[in-house]
1. When the residues of the stretch 286-304 are filtered to those that are among the hydrophobic types (A, V, I, L, M, F, W, C) and surrounded by fewer than 21 Cβ atoms within 10 Å (Cβ to Cβ), which remaining residue is farthest from GLY145 (Cα to Cα)?
2. Could you list all residues from the stretch 34-56 that are surrounded by fewer than 17 Cβ atoms within 10 Å (Cβ to Cβ) and more than 22 Å from SER114 (Cα to Cα)?
3. Identify, by number, the condition in (1) in contact (Cβ under 8 Å) with a residue 12 or more places away in the chain; (2) surrounded by fewer than 20 Cβ atoms within 10 Å (Cβ to Cβ); (3) not assigned by TED's automatic domain parsing to the domain that holds MET88 that SER216 doesn't meet.
4. Of everything in the stretch 119-147 that's among the hydrophobic types (A, V, I, L, M, F, W, C) and part of a helix (DSSP H, G or I), which residue is farthest from ASN168 (Cα to Cα)?
5. Residues that are within 16 Å of the chain's Cα centre (by Cα): which helices (runs of 4 or more DSSP H) entirely in the stretch 299-366 hold 1 or more of them?
6. Please count how many residues of the stretch 162-185 are outside any helix (DSSP H, G or I), surrounded by fewer than 21 Cβ atoms within 10 Å (Cβ to Cβ), within 24 Å of the chain's Cα centre (by Cα) and free of Cβ contacts under 8 Å to residues at least 60 places away in the same chain.
7. Quick one: is MET307 modelled with pLDDT under 95, farther than 22 Å from ARG375 by Cβ and surrounded by fewer than 21 Cβ atoms within 10 Å (Cβ to Cβ)?
Amino acid sequence: MKNVYEIAQAQLDRACSFLKLDESLQLILSQPKNELIVNFPVLMDNGEYQLFKGYRIQHNNIMGPYKGGIRYHHEVHLDEVKALAAWMTWKCSLMEIPFGGAKGGIKFNPREHSSQEIERITRRFTHALGGNIGPDHDIPAPDMGTNAQTMVWMMDTYMNNAGQGEKNAVRGIVTGKSVTSGGSLGRNKATGQGLVFAVKAWADEFSFDLSEASFSVQGFGNVGYHAAELLSREGSRLKCVMDHTGSIFSAQGIDPVELLKYCKETGGIKGYPKAEEIDRDTFFSTEVDIFIPAALEMQITAETAPMMNVKLVAEGANGPTDLDGEQLLLDRGVMFLPDILANAGGVTVSYFEWLQNRRAEAWDEERVDQRLQLRMTKAYKTMRSLAREHGLDNRTAALAYSVKRIQVVYEERGIFP
């Protein structure tokens, strides 16, 4: 199986082929501008030091400052972060947000560390990155294994290295902060909210009644939970959930709010009393209208795709589908809401947060949601218009639009010197 960066490259190749993109520009876009790797020691609770490896990949900033999440996971590796950074470039361009793409991560399992250790790891990583990040240069955000508290620690560390008169001016060094520390209302649910707005745009186009729909979710973290909870409000029924502890099923439907409460008490969905335990194959083969992968990359493959019986795949995760799995489902008429659209709500509301920080404003949640829905719906219609006009799948159409916008800027600005 190809690694995730090769998948990202193959997706780009398809879009560039459609656009007949100049080879020199495709060459530039094929690699990130900067690949930062830092190794830093951190004092553990037992008094011993441990060495951690951190990454920050800055893919492209032709459209604006680098922008992208920070991932804490024991399987973080260079090619993964490079792929995620490239997808951020396309995502921001598709959403017409004035940011470029970046991604970062630290290779460790946060579940194995205390809150105090995670704070020290975060602050040491931020210090190690130093001037390689900044509110007008590279703006981190939460990702898998990180949250608002992580971002507040990053912000505080960066602010304390700034000049006395600049401390509040650099509040926008990160997004996804807690509201009390300068974050935006609506940011915590933004990725799930954006996904549901995209699903509603799809339902409107195809006259699909979401109140009669069934769906399954892989991954029950921030994105999976909020997508499930918001889709349930539309009347849709959550039938299956998978997380790192196992898989569960209920024909009558699973209440996302009750399941989240159970997960907070137990650490995962395993043993949830109001659903039956199922194995991995049953999870993938259970018939639902909408499948929401919201976990790790490369989950829909040549192995799992033949099991699936769905109408729509709404990619809450980045890169959850490999080339073979996608083609198998496309051949059967399954439609995709690709990751660079479906999970773009997070970076869109991060942009709103960044604007609020720069302007010293605080928007109410209704304003945030309205602006997010406008952008998600516009991006969906743009993608679908291009797909219908040229007979493209949604992913290639979305990528082609993104790359075309970047191409125009390169043509206008040229390559210096």
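The values are calculated or read from the model by the stated rules, or taken from the named source; none is laboratory data. Note that the structure is a prediction, hence the values are computed from the model and not measured. Every residue, glycine as well, gets a Cβ built from its backbone with ideal geometry; the counts of neighbours run over all protein chains shown.
1. Pass one, the stretch 286-304, residues among the hydrophobic types (A, V, I, L, M, F, W, C): 288, 290-292, 294-296, 298, 300, 302.
Now restrict to residues that are surrounded by fewer than 21 Cβ atoms within 10 Å (Cβ to Cβ): 295-296, 298, 302.
Numbers: ALA295: 11, LEU296: 11, MET298: 18, ALA302: 28 Å.
Filtering the stretch 286-304 for residues that are among the hydrophobic types (A, V, I, L, M, F, W, C) and surrounded by fewer than 21 Cβ atoms within 10 Å (Cβ to Cβ), the one farthest from GLY145 (Cα to Cα) comes out as ALA302.
2. Passing the criteria: ASN34, GLU35, ILE37.
3. (2)
4. We begin by selecting, within the stretch 119-147, every residue among the hydrophobic types (A, V, I, L, M, F, W, C); these are 121, 125, 128-129, 133, 139, 141, 144.
If we keep only those that are part of a helix (DSSP H, G or I) too, we end up with 121, 125, 128-129.
Details: ILE121: 24, PHE125: 21, ALA128: 21, LEU129: 20 Å.
The qualifying residue farthest from ASN168 (Cα to Cα) is ILE121.
5. Numbers: elements: 323-331, 339-342, 345-359.
Correct list: 339-342, 345-359.
6. 1
7. Numbers: modelled with pLDDT under 95: no; farther than 22 Å from ARG375 by Cβ: yes; surrounded by fewer than 21 Cβ atoms within 10 Å (Cβ to Cβ): yes.
It is false that MET307 is modelled with pLDDT under 95, farther than 22 Å from ARG375 by Cβ and surrounded by fewer than 21 Cβ atoms within 10 Å (Cβ to Cβ).
Every residue, every condition in (1) under 25 Å from ASP204 (Cα atoms); (2) touching a Gly at 6+ places or on another chain (Cβ under 6 Å); (3) outside the structural domain of GLY325 (by TED's automatic domain parsing); (4) among the basic types (Lys, Arg), yes or no:
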| residue | (1), (2), (3), (4) |
| --- | --- |
| SER236 | yes, no, no, no |
| VAL241 | no, no, no, no |
| GLY246 | no, no, no, no |
| ALA251 | no, no, no, no |
| THR301 | no, yes, no, no |
